[in-house]
Amino acid sequence: MTDKNKFTLGVLTSGGDAPGMNATIRAVVRTALFHDATVLGVMSGFEGLINGEYRTLGARDVGGILQRGGTILQTRRSQRFFEKSYQREAIRNMSLAGMDGLIIIGGEGSMRGAHALAEQGIKVIGIPASIDNDIWGTNMAVGVDTAMNTIMDAVDKLRDTASSHSRAFLIETMGRGCGYLAVMAGIVCGAEIVLIPEVPTTVEEVASSLEDAYRRGKTHAIVIVAEGANIKTTELSQAIDAMDVGFKTRVTILGHIQRGGGPTAFDRILAARLGSAAVQAILAGETDVMVGLKGQSTELIPFIQVMGHQRAANMEYYEMARKLAR
Ligand code: F6P
């Protein structure tokens, strides 16, 4: 039972999990309790809203989770939530639970779901959390920095073995249709080649760059391939091996390892800042906005703007990665 005189805040995590989601939940709960609100944790994202699965979260319920990957609230990709009838069901359950507002922690699709609720009169604030960094309106989403560090550790190790065997490693990073992680990985890992969805390329171009690197005396080559790139990693490997460019290739698909692990210091601070800002905003009556990081400050960005823009890889950084690959 919730106290009628207190603001009752729901919080959920949605979409793909990202390191730092737990730190964000903790920041939301502790800030809300500080402001004397009651917090209901909604289980399994929008599915939990539809099914009415909540539990009250106190200060101790979010103790010891700051450093943990994953999400204590569980997460789902809910397709049915995009249907009006299920949204109505969710709103009905929220009203029965006495929820006055909701904070949604998730990626781009989750912000769309959040906007759909706001349009029907629910007070909603979004917090960007996705390793892809494809959400418009924030420099960084929670989880990106940790994923980047995971990629960096993996590529550093792969380079050791690549050098020993004079091989080219084709390393696939996540990121859906956005090349952000791949471009940044190219810079922080000193990759010879970066393939991203934003810049289509051909097998011949990649082969020629690898051959050139071999001729210039490189002992290995690191090729970072964004999962959304126009050439698939394993096909690229087979094609290059058939061409004899000097290096033989090996493929490593980093996959979901990029989504796991405890958050970095950067992600913990970002989680604390966005979590606190979101609660303060909702208690001040704000709705239909995402809280994002702009420069050094947190800002509120209308969902409609977030949804209306596509966030691509930064081409300046892409060019820098190419120049530094000599
Ligand atoms: O959005 C995060 C992400 O990890 C993408 O990079 C990737 O394309 C997708 O989720 C994988 O989704 P799932 O975990 O449902 O397989």
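The values are calculated or read from the model by the stated rules, or taken from the named source; none is laboratory data. All of these numbers come straight from a predicted model, not from anything done at the bench. Counting neighbours? That spans all protein chains shown, and the Cβs are built from the backbone with ideal geometry, glycine included.
What the table below lists for this structure:
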| item | result |
| --- | --- |
| Positions within the stretch 262-302 being over 18 Å from the mean Cα position of the chain (by Cα) and over 21 Å from Ala116 (Cβ atoms), in sequence order | Ser276, Ala277, Val279, Gln280, Leu283, Ala284, Gly295, Gln296, Ser297, Glu299 |
| Residue among Gly63, Gly45 that alone is in the same structural domain as Ala23 (by TED's automatic domain parsing), out of contact with any strand residue (DSSP E or B) (no Cβ under 8 Å at 6 or more places or on another chain) and among the small types (Gly, Ala, Ser) | Gly63 |
| Subset of the stretch 77-107 [within 16 Å of the ligand (Cβ to nearest atom) and closer than 15 Å to Val289 by Cβ] | Ile104, Ile105, Gly106 |
| Residues of the stretch 163-214 classified as among the aromatic types (Phe, Trp, Tyr) and within 19 Å of Ala147 (Cβ to Cβ), total | 2 |
| Qualifying positions in the stretch 204-219 - buried (at least 16 other Cβ atoms within 10 Å of the Cβ) and either assigned to a helix (DSSP H, G or I) or within 29 Å of the chain's Cα centre (by Cα) (or both) | Val206, Ala207, Ser209, Leu210, Glu211, Ala213, Tyr214 |
| Qualifying positions in the stretch 150-160 - touching a residue at least 12 places away in the same chain (Cβ under 8 Å) and away from the ligand (no atom under 16 Å from the Cβ) | Met152, Val155, Asp156, Leu158, Arg159 |
| In the stretch 111-144, residue nearest to the ligand (Cβ to nearest atom) [restricted to those that are surrounded by 23 or more Cβ atoms within 10 Å (Cβ to Cβ) and part of a helix (DSSP H, G or I)] | Val144 |
| When residues of the stretch 24-70 are limited to those that are β-branched (Val, Ile, Thr) and touching a residue at least 60 places away in the same chain (Cβ under 8 Å), the one surrounded by the most Cβ atoms within 10 Å (Cβ to Cβ) | Thr24 |
| Residue match in the stretch 286-305 (condition: among the hydroxyl-bearing types (Ser, Thr, Tyr), assigned by TED's automatic domain parsing to the domain that holds Lys123 and more than 18 Å from Ile103 (Cα to Cα)) | yes |
| All positions within the stretch 79-110 that are surrounded by fewer than 22 Cβ atoms within 10 Å (Cβ to Cβ) and assigned to a loop (DSSP other than H, G, I, E, B) | Gln79, Glu83, Ala97, Gly98, Asp100 |
| Index of the failed condition, Pro200 passing every other in (1) surrounded by fewer than 14 Cβ atoms within 10 Å (Cβ to Cβ); (2) touching a residue at least 40 places away in the same chain (Cβ under 8 Å); (3) not charged (D, E, K, R) | (2) |
| Members of the stretch 35-78 that are of a type in the set (D, E, K, R) and either more than 22 Å from the chain's Cα centre (by Cα) or assigned to a loop (DSSP other than H, G, I, E, B) (or both) | Asp36, Glu53, Arg55, Arg60, Asp61, Arg68, Arg76, Arg77 |
| Members of the stretch 172-214 that are within 11 Å of the ligand (Cβ to nearest atom), of a type outside the set (Gly, Ala, Ser) and out of contact with any Leu (no Cβ under 6 Å at 6 or more places or on another chain) | Glu172, Met174, Arg176, Cys178, Tyr180, Leu181 |
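Here's the yes/no breakdown for (1) surrounded by fewer than 19 Cβ atoms within 10 Å (Cβ to Cβ); (2) touching a residue at least 24 places away in the same chain (Cβ under 8 Å); (3) within 16 Å of the ligand (Cβ to nearest atom); (4) within 27 Å of Ile222 (Cα to Cα):
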| site | (1), (2), (3), (4) |
| --- | --- |
| Val251 | yes, yes, no, yes |
| Gln258 | no, yes, yes, yes |
| Pro263 | no, yes, yes, yes |
| Ile269 | yes, no, no, no |
| Ala277 | no, no, no, no |
| Gln280 | yes, yes, no, no |
| Val289 | no, yes, no, no |
| Phe303 | no, yes, no, no |
| His309 | yes, yes, no, no |
